[in-house]
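To start, the structure under review is shown below, and the notes come after it.
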Amino acid sequence: MDRPRITIFDTTLRDGEQSPGCSMNVQEKLRLAQQLDRLGVDVIEAGFPIASDGDFEAVRRISASVRRPIIAGLARACTGDVDRAWQALQGAAHPRIHIFLATSDIHLKYKLRITREQCLEQARNAVRHAKSLCADVEFSPEDATRTDVAFLCQVVEAVIEAGATTVNIPDTVGYSMPEEYGQLIRTLREKVAGIDKVVISTHCHNDLGLAVANSLAGVQNGARQVECTINGIGERAGNASLEEIVMAMRVRPDRYGYETGVASEHLFSSSQMLAEITRVPVQPNKAIIGRNAFAHEAGIHQDGMLKNPLTYEIMTPQSVGVPDSRLVLGKHSGRHALALRCEQLGHQFERRDLDEIYRRFVVLADRIKKVQDSHLLELIQDVSSGMASNCESSGGHSRKFPPATASLSLPRAASAAAGINSSEGHGAHVAGSAGQAQVTIPFSDHHSEQEDYLWGV
Ligand SMILES: [Zn+2]
């Protein structure tokens with residue numbers, strides 16, 4: 001079957017990073033970019049180079065070291081911004097300049113203080129200039145969903161003529177309804193000359209909790225790129241959540257017959273890595289990667305799960321990379337099992353660093369018998385901070401191990417004991433392998449201190 005391919009444009013490092021409490025340093029951005037590469041996203045928006053030296057440096061470093069995906073740098077519609085973005089993107093294997101300019105009357109009048117004619121001219125000039133530097137140019141008419149539709153069509157047509165290759169339609173303030181957003185994409189396809197030569201993109205905010213629904217409506221009406229973030233982080237209520245977009249298409253190909261290049265088994269580790277770096281927790285009931293996303297507590301659900309997992313499960317935990325917690329880490333666990341669990345938690349190590357982690361792990365396992373993910377994360381953090389700066393570590397923070405989590409394990413269907421404890425290489429079972437999963441509270445106490453979260457309410 002030949003399904004249309006949807007370009008996954010990840011803006012965790014740009015729009016996501018702009019949100020309160022989510023700022024990251026260059027090193028952290030680089031680490032996350034490498035994870036996004038592993039995850040298989042098509043485009044990484046690495047930052048807004050003119051915004052700060054740190055952003056510039058992050059885009060430059062990511063361009064130099066992450067070679068498979070397109071690396072995008074954001075710029076306002078002016079020469080200085082575009083030049084700065086291009087400078088940062090110089091070393092990229094696949095650079096993209098992403099220009100934005102507000103087009104709604106309210107933004108033109110109060111924020112930019114320019115007329116529609118001036119807006120049109122500025123957009124055209126900026127795209128033309130970017131195109132003289134870089135073949136891949138994206139344009140976003142900011143606040144598109146509150147822009148007069150006839151004027152929006154005019155702007156889109158002008159930037160296509162000037163050389164834009166992707167046109168992104170942001171619902172900047174999260175105001176649209178799905179059918180309305182879908183209709184807007186359809187209107188652009190019907191009315192704008194040359195639109196079939198470019199990729200139409202969605203960029204939806206979640207102020208009304210509709211970012212994913214709006215993005216999917218956009219796709220159904222012809223958009224072929226979706227801008228989204230890990231854990232749905234982003235300005236205010238956030239962006240469309242990458243994991244939800246990807247899994248909606250994967251679980252319901254009958255309704256959304258599209259492909260993405262995302263390796264869904266890396267979703268959980270990506271989410272974990274971001275939460276750990278930003279220290280912004282994931283709400284427990286967050287779809288796909290929340291702590292409770294695969295937990296079953298009600299008796300009637302457990303009963304159903306025992307008889308047949310399909311009674312309550314539309315996808316397996318393994319398909320999104322939730323670690324197989326039958327693989328209990330203890331002092332008899334080998335280095336391979338440890339490396340695998342570290343990877344599932346979003347950390348990959350060189351041999352030498354792994355040796356050090358393993359050494360400390362064995363000491364810890366001797367003491368506490370069952371090493372939880374949270375313990376492991378603490379240990380990794382201690383070792384990593386020791387690697388980063390030998391002088392200021394150790395005594396710096398004295399977090400204690402959080403309490404152990406309850407973990408409910410129910411063997412699946414008839415083959416109750418099959419596969420359990422069989423070998424330590426067992427962590428990586430992929431979606432669809434029936435009879436494989438069990439009901440677990442998928443991740444450990446990593447989040448326990450965040451029980452009373454206020455985020456995402
Ligand atoms: Zn945004």
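The values are calculated or read from the model by the stated rules, or taken from the named source; none is laboratory data. Small disclaimer: the values here were computed from a predicted structure and weren't measured. All Cβ positions, even for glycine, are placed from backbone atoms using ideal geometry, and neighbour counts span all protein chains on display. We work out accessible area using only protein heavy atoms, side chains counted, and drop any ligands, DNA or RNA first. Shrake-Rupley method; radii C 1.70, N 1.55, O 1.52, S 1.80 Å.
Residues in region 158-198, backbone N under 15 Å from the label point at A287 (7 Å along the Cα-to-beta-carbon vector): list them, ranges by number please.
Under 15 Å, as judged by backbone N against the label point of A287, lie 178-179 of region 158-198.
Can you tell me the length gained on complete extension of the stretch Q27 to E350, counting 0.36 nm per residue apart and subtracting the Cα distance?
So the chain would gain 114.6 nm between Q27 and E350.
Amide H of T202 versus every other amide H placed in the peptide plane: which residues, excluding those fewer than 5 positions away on the same chain, fall under 5 Å?
For T202, the qualifying residues are I169, Q225, V226, E227.
Note down the net charge around T115, summing +1 for each Lys or Arg and -1 for each Asp or Glu among other residues with Cβ under 11 Å from its Cβ.
Result for the local shell: 0.
Between N125 and D196, what is the FRET efficiency for a Förster distance of 25 Å, r being their Cβ-Cβ separation, to the nearest 0.05?
Efficiency computed from Cβ-Cβ geometry: 0.55.
Calculate what fraction, in whole %, of the accessible area of region 171-274 sits on carbon and sulfur atoms when a 1.4 Å probe is rolled over the protein chains.
Answer for region 171-274: carbon and sulfur cover 46 percent of the accessible area.
Skipping prolines and chain starts, which residues have an amide H placed within reach, meaning under 5 Å, of the one on G261, given they are 5 or more residues away or on another chain?
I8
What length, rounded to one decimal in nm, is gained on full extension from C78 through to R360, with 0.36 nm per residue of separation minus their alpha-carbon distance?
Length difference between fully extended and current span is 96.2 nm.
Residue by residue through region 231-236, what is 3J(HN,Hα) from phi via Karplus (6.51 cos²θ - 1.76 cosθ + 1.60, θ = phi - 60°)? Round to whole Hz and write x for glycine and proline.
Values, residue by residue: 6, x, 5, x, 3, 6 Hz.
So if each residue of separation counts as 0.36 nm, and I subtract the Cα-Cα distance between Q220 and Q381, what length gain in nm does that give?
Between Q220 and Q381, full extension yields an extra 53.7 nm.
Can you compute the label reach from K109? Point 7 Å from Cα along the Cβ direction, backbone N cut-off under 19 Å, restricted to region 141-159.
It comes to 142-152, nothing else.
For region 1-86, with all protein chains present and a 1.4 Å probe, just round the carbon and sulfur fraction of the accessible area to a whole percent.
After summing per-atom areas, the C and S share lands at 48 percent.
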